[in-house]
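As structure tokens, the structure follows; a few thoughts come after it.
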Amino acid sequence: MAAWQVFTATLATLTIMAIAIVSLHHPHQDPDRLSVDRIRERISNERTALPVKAGTDTAKTLSATSAWSHLAPDHPLDVSEAHRAMQQHRRCPVAECARKAAAFRALVEAGRIKPTRMPPAMQ
């Protein structure tokens, strides 16, 4: 290999490495991406929201979004709600998640689940 070929290959390698480093150092900002501050602001706004009257469309929307809460539901779950809660909380242990425990209990009572043994939270 001639000296000019070694020089050209080295120069090309250094150029590619410089481009890669510069592109990693200055990532492109996605304008639609939520920042941490925007997420914190939204959560704060949701926590300080005014109470909603039961039976309104807003109450139905809020109860649908609160399904991700690990707190026990404020009403007995029907079978479809229990199935949805079990799917949404599939990674939660029944002993630690009151919503999953309520869903599990509703499905056992409806005959949809026949456990070989009851979890300690259900006994």
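Per-structure values
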quantity	calculated
Peptides 88-97, 35-44 ordered by average Cβ neighbours within 10 Å, highest first	88-97, 35-44
Amide proton proximity set for I113, modelled H, under 5 Å, gap of 5+	V108
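Since every read-out is calculated from the coordinates, none of them should be taken as a lab result. Quick caveat: nothing in here was measured; it's all calculated off a predicted structure. Neighbour counts are summed over all protein chains in view; Cβ atoms, including those assigned to glycine, are modelled from backbone coordinates with ideal geometry.
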